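Written out below as structure tokens is the structure these notes cover.
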Amino acid sequence: MHPSYVVAVLAGTVSATAIRRLDNGLGKTPALGWNSWNQGGCDAASASVALATAKAFVDRGLKDVGYTYVNIDDCWSAKSRNSSGYLVPDSSKFPKGMKELADQIHDLGLKLGLYGDAGTLTCGGYPGSQGYEQKDAQLLASWGIDYWKYDNCYTPCNSGTEQTCSSPAGTSQTWYVKMRDYLLSTNHPILYSLCNWGRDDVWTWGASVGNSWRMSIDNWGAWADVVRIASAAGPIAQYAGPGAFNDLDMMVGSPNSSIHPCIGHVAHSGLYDDILVQIIGNGKLTNAEERTHFGLWAITKSPILMGTDMTTLSTTRLNLIKNKGILAINQDPLGNAATTFTPSGKSPPVSGQLYRYWAGKLSDGVVIGLVASDGAETLSVNFADVPDLGSGAYNWIELFTGSTGSGTSVAASLDSHDMAIYKVTRT
Ligand code: GAL
């Protein structure tokens, strides 16, 4: 076994206990990149779209600020394995094969990710890895794949909709561990992204199994989804750390993004019936809501995987996702996820509602997020109320506007659903 492929025991912050982390040397900071699913569903799972995205990463300055992973989601394979039991890329979508595509992406200084599923079928009905885990891990390694998102459809099921079984026969940890071990045994570095939609309290064991774990069902692109996911991320922030992060799901939000109705093939599932409705709502975030979506994902140390056409993304949105100060918070080596804090005199967070006050320790300061979650308002906070700060004067910079100052407090006048993010350092 490669020396770096050990499950190391590291001091964690969870109840001061030691937590075992998968130490495959990867994902020390959250992954930055793109994923095909929210851009175009099955139709965006192609070599041409992946290459166009990779070129846009280079040409539009996204690679320079850290965007690295070009990830192809569901529907990339043929509907059947070959006679030796190996997955086969759909030849109409990948005319030169997957190894050639990986080489081309690598030549651009970027990384290529693929999607698979722990059950008999992927959520879209393509071959799953159940019973073929070793072959699939070996195949990924032979192609030079850098990132593996592993979904949870069609896994052993007691009752309910088989696709997204609500009464599984077993805990998903079993099948995620199995694939982890086969991936490790290839000695090929591959970031392992768990996608069990937050089931089985994945945050309590995800760090020992993968580099990130989806902690919710999908982000369908409406403000209510941002609220639903971010409000659930606050209470589990302590499980994040270098190499192991809560994954709040891929970004949605640009009107350029149009989830293709090809996902009708999974419309029999209750989960996806919702998506078919939400497609119409995709791209309905205001500019303020897009800032908050990006800002909350960044400070909670989620992977940031864009879900829209990177070749046509507007300059405003490009500038938003290239904000170096906010990306530096997301990529801070401490890997500490911001969570909510309750200033004196304020009410504590309410489950399912987006809280106004967020903070988290950085390797070189503290980040504070203020969210106008319920209409336009001026929000202020005394640094003395912020964990890891305390009394005294501090320097601050607001990272969306670049404004700076110093003192014992900050105040932001915010539009509805807008956010301010302060990096605070000692004077
Ligand atoms: C879902 C998953 C999505 C996407 C989709 C593809 O289960 O949460 O992110 O991968 O499957 O079918």
For segment 353-406, list the strands (runs of 3 or more DSSP E) that sit wholly inside it and hold at least 1 residues that are within 21 Å of Thr427 (Cα to Cα) and of a type in the set (Phe, Trp, Tyr); which are they?
-> 394-398
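Would a scan of segment 168-191 turn up a residue that is basic (Lys, Arg), away from the ligand (no atom under 16 Å from the Cβ) and closer than 25 Å to Thr29 by Cβ?
Let us first name the residues in segment 168-191 that are basic (Lys, Arg), namely 178, 180.
Now drop any that are not away from the ligand (no atom under 16 Å from the Cβ), which leaves 178, 180.
So of that shortlist, the ones also closer than 25 Å to Thr29 by Cβ come out as 180.
The answer is yes; a qualifying residue exists.
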For segment 309-335, which residues satisfy the criterion of being within 15 Å of the chain's Cα centre (by Cα) and either of a type in the set (D, E, K, R) or more than 19 Å from Asp64 (Cβ to Cβ) (or both)?
-> Gly335
Contacts under 8 angstrom Cβ, first residue in segment 217-241 being under 15 Å from Thr292 (Cβ atoms) and more than 15 Å from the ligand (Cβ to nearest atom), partner among the hydroxyl-bearing types (Ser, Thr, Tyr) and in a helix (DSSP H, G or I), 6 or more apart | Val226/Thr292
Is at least one residue of segment 25-38 touching a residue at least 60 places away in the same chain (Cβ under 8 Å), surrounded by fewer than 16 Cβ atoms within 10 Å (Cβ to Cβ) and either of a type in the set (A, V, I, L, M, F, W, C) or in the same structural domain as Trp175 (by TED's automatic domain parsing) (or both)?
-> yes
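Residue by residue, here is whether (1) assigned to a helix (DSSP H, G or I); (2) among the hydroxyl-bearing types (Ser, Thr, Tyr); (3) outside the structural domain of Ala420 (by TED's automatic domain parsing); (4) modelled with pLDDT of 90 or more holds:
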| site | (1), (2), (3), (4) |
| --- | --- |
| Tyr272 | yes, yes, yes, no |
| Ile275 | yes, no, yes, no |
| Phe294 | yes, no, yes, yes |
| Trp297 | yes, no, yes, yes |
| Met310 | no, no, yes, yes |
| Leu320 | yes, no, yes, yes |
| Gly325 | yes, no, yes, yes |
| Gly345 | no, no, no, yes |
| Pro348 | no, no, no, yes |
In the set Lys346, Lys324, which member is touching a residue at least 24 places away in the same chain (Cβ under 8 Å), out of contact with any Ser or Thr (no Cβ under 7 Å at 6 or more places or on another chain) and of a type outside the set (Gly, Ala, Ser)?
-> Lys324
Output the strands (runs of 3 or more DSSP E) that fall wholly within segment 76-161 and possess 1 or more residues being over 26 Å from the mean Cα position of the chain (by Cα) and modelled with pLDDT of 95 or more, or say none.
-> 157-159
In segment 15-24, anything modelled with pLDDT under 90 and surrounded by 14 or more Cβ atoms within 10 Å (Cβ to Cβ) is listed as Ile19, Arg20, Arg21, Asp23
Out of all the residues in segment 43-63, is one or more out of contact with any Leu (no Cβ under 6 Å at 6 or more places or on another chain), touching a residue at least 60 places away in the same chain (Cβ under 8 Å), surrounded by fewer than 24 Cβ atoms within 10 Å (Cβ to Cβ) and under 24 Å from Asp218 (Cα atoms)?
-> yes
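The values are calculated or read from the model by the stated rules, or taken from the named source; none is laboratory data. Here the structure is a predicted model, which means the values were calculated and not measured. Quick reminder, even Gly has a Cβ in these numbers, built from the backbone with ideal geometry, and neighbours come from all protein chains shown.
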